[in-house]
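The values are calculated or read from the model by the stated rules, or taken from the named source; none is laboratory data. Treat the numbers as computed from the prediction; the structure is a model and nothing was measured. Backbone-built Cβ (ideal geometry, glycine too); neighbour counts: all protein chains shown. Areas reflect the complete protein model, heavy atoms only, side chains present, ligands, DNA and RNA absent. Shrake-Rupley method; radii C 1.70, N 1.55, O 1.52, S 1.80 Å.
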Amino acid sequence: MRSQFLFLPLFLYFIIRVTAQEHPDVAIIVKGSDLVAETSDTFICATLDWWPREKCNYDQCPWGESSILNLNLSHPLLAKSIRAFSPLRIRVGGSLQDQVVYGMPNLRTPCLPFSKTDNGLFGFSRGCLSMARWDEINRLFQNAGVVVMTFGLNALYGRHLAQRNQWVGAWNSTNARDFIEYSISKGYNVDSWEFGNELSGQGVSASVSAEQYAKDLIALKAALKELYRGSRRQPLLVAPGGFFEQQWYAQLLRDSGAGTLDVVTHHIYNLGPGDDQNIRERIIDPVYLSGEADTYRALQLTIERNGPWSSAWVGEAGGAFNSGSRLVSKAFLNSFWYLDQLGMASKYNTKVYCRQTLIGGNYGLLDSNTFVPNPDYYSALLWHRLMGKGVLSIDVSGSSYLRAYAHCSKGKVGGVSMLLINLSRYTKFSVRVVGVLYGDGDGDGEGGRKDDGDSFIEASPEPGSREEYHLTAKDGNHLSQTVLLNGTPLEITGEGDVPPLNPVHAPVRSPIDVAPLSIAFVVFPKFEAAKACIR
């Protein structure tokens, strides 16, 4: 009994501490004069990976038949899930891409799939993409609507291992060049070619020096210009698809020179290994989530100082590495990490964010066995449909457990869309949104008023309604693979289609209630404070 009384003060202290950090009434000020950043039309991106069924971690093998080489491309849910985005950027690549050869006549060896071996990178032999399979993949993409593709090339071809994981020698472009030429002849919509996967800095299983990497990029850029001569559109050159190391990335940009590298890609797996028991707590820890901003900020500065002609992409992000977390990565809880990442990346001028994966492993947007969308699929789709390219600056007064992001609304002139993420287990936040207009320097504010400072106005100048999309867990189970939209389960329809994502409407000037451990997208169709969105 005494031990229970000793425990009580600690329990009360914890409750008081948490409550003190979570203020239920929150004001959000949207600064609508200028954009602070801008994404691309194909910001939402998903990957298709090479891993075969033999890829296993933690006594589980979650890849099944989801590899680029064996995925069931005719499954109706696959095409419908892609088509719902119209367009969806797909990045074809992953850990084994630097062991992929292309089944062209110059290969002169049998075109065989990956197999387990003790000698190959990641425990696998070299694998081959046949042109018949490549044709099938592109037929799927064409049938699924307008899909923009990034293809990751093998950047180790022709090199040799010198010591540890360091590969040396010039890249042999012969096989890749023939493959690119074949793709052009077929009219395949590869708008960007990515060179290498996780070979930067220390590398993961292999690495290449920045000096040599830059020389190879210059050669590849010249080849692309030659091969696409006469084409209406030149493809982007993308690299290095690795984990950000400032010194290595800076040298790559300097050595490759202006006009060579169009896009700088980096990978993010900031939740730790897939079997880490702390993943669930990290996802709802605002301090932990905010730590990734340091990487975005450092990369942004590195590009500005060393290669301002380039833009930043997240080329691959799965949250937890080694195929993701079996319990978390495909559950509703993961959307708190995923959507916060999309919001954070946008603020630092990230143009594209590629989710690992569209299908495959534990972190697929689609279930690897049934092809049924997981909760993160709907999170991605709502972002894609509601959040426009323009990123607005906001101030949030209140708890750090409420994450907030504001963008110009997609398809609504002058509209603003907001993403609100409630990381608190206990507190329902009541959110009031106002806009702020800055004085224009000539003494006249809005409506001809004298205004030497900022003018605050309501989110909408006229009475009306806003759209709300509230995401919650089924039965309050945040590890459920079913998510509710405004209280209704999001499930494939009887006709086998992606369900409609319908909002509820609320008076535009009323507070927004965001329930504990829930997510809300809110669209203000008329938000005249957002001058930056009126174009």
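Listing for the model above:
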item: All positions within segment 340-396 that are over 25 Å from Y288 (Cα atoms), charged (D, E, K, R) and touching a strand residue (DSSP E or B) at 6+ places or on another chain (Cβ under 6 Å); result: K389
item: Subset of segment 338-370 (residues that are touching a Pro at 6+ places or on another chain (Cβ under 8 Å) and either aromatic (F, W, Y) or not in a loop (DSSP other than H, G, I, E, B) (or both)); result: L366
item: Options Q163, Q202: the member that is within 19 Å of G242 (Cβ to Cβ) and open to solvent by 50 Å² or more (accessible area, probe 1.4 Å); result: Q202
item: Selected residue (criterion: nearest to the chain's Cα centre (by Cα)) from residues of segment 111-134 that are more than 12 Å from W51 (Cα to Cα) and surrounded by fewer than 13 Cβ atoms within 10 Å (Cβ to Cβ); result: A132
item: Test: residue in segment 123-131 that is outside any helix (DSSP H, G or I) and among the aromatic types (F, W, Y); result: yes
item: In segment 179-189, the residues that are in contact with a strand residue (DSSP E or B) (Cβ under 7 Å, 6 or more places away or on another chain) and surrounded by fewer than 18 Cβ atoms within 10 Å (Cβ to Cβ); result: N189
item: Only one of K221, K215, K225, K186 that is among the charged types (D, E, K, R), farther than 21 Å from R91 by Cβ and in contact (Cβ under 8 Å) with a residue 24 or more places away in the chain; result: K215
item: Matching option when the condition is free of Cβ contacts under 8 Å to residues at least 60 places away in the same chain and either in contact with a Gly (Cβ under 9 Å, 6 or more places away or on another chain) or polar (S, T, N, Q) (or both), among Q60, Q99; result: Q99
item: Some residue of segment 415-426 being over 27 Å from A515 (Cβ atoms), touching a helix residue (DSSP H, G or I) at 6+ places or on another chain (Cβ under 9 Å) and surrounded by fewer than 22 Cβ atoms within 10 Å (Cβ to Cβ); result: no
item: Selected residue (only one of S86, S81 is at pLDDT below 95 and either more than 30 Å from L153 (Cβ to Cβ) or within 19 Å of the chain's Cα centre (by Cα) (or both)); result: S86
item: Yes/no for A214 being in contact with a Lys or Arg (Cβ under 7 Å, 6 or more places away or on another chain), at pLDDT 95 or above and of a type in the set (G, A, S); result: no
item: Any hit, segment 243-256, residues being surrounded by fewer than 20 Cβ atoms within 10 Å (Cβ to Cβ), at pLDDT below 95 and not in a helix (DSSP H, G or I); result: no
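Listed here are the residues, each with its yes/no results for (1) free of Cβ contacts under 8 Å to residues at least 60 places away in the same chain; (2) open to solvent by 30 Å² or more (accessible area, probe 1.4 Å).
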site	(1), (2)
I279	yes, no
R282	yes, yes
V287	no, yes
R297	yes, yes
E316	no, no
N322	no, yes
L333	no, no
L342	no, no
Y348	no, yes
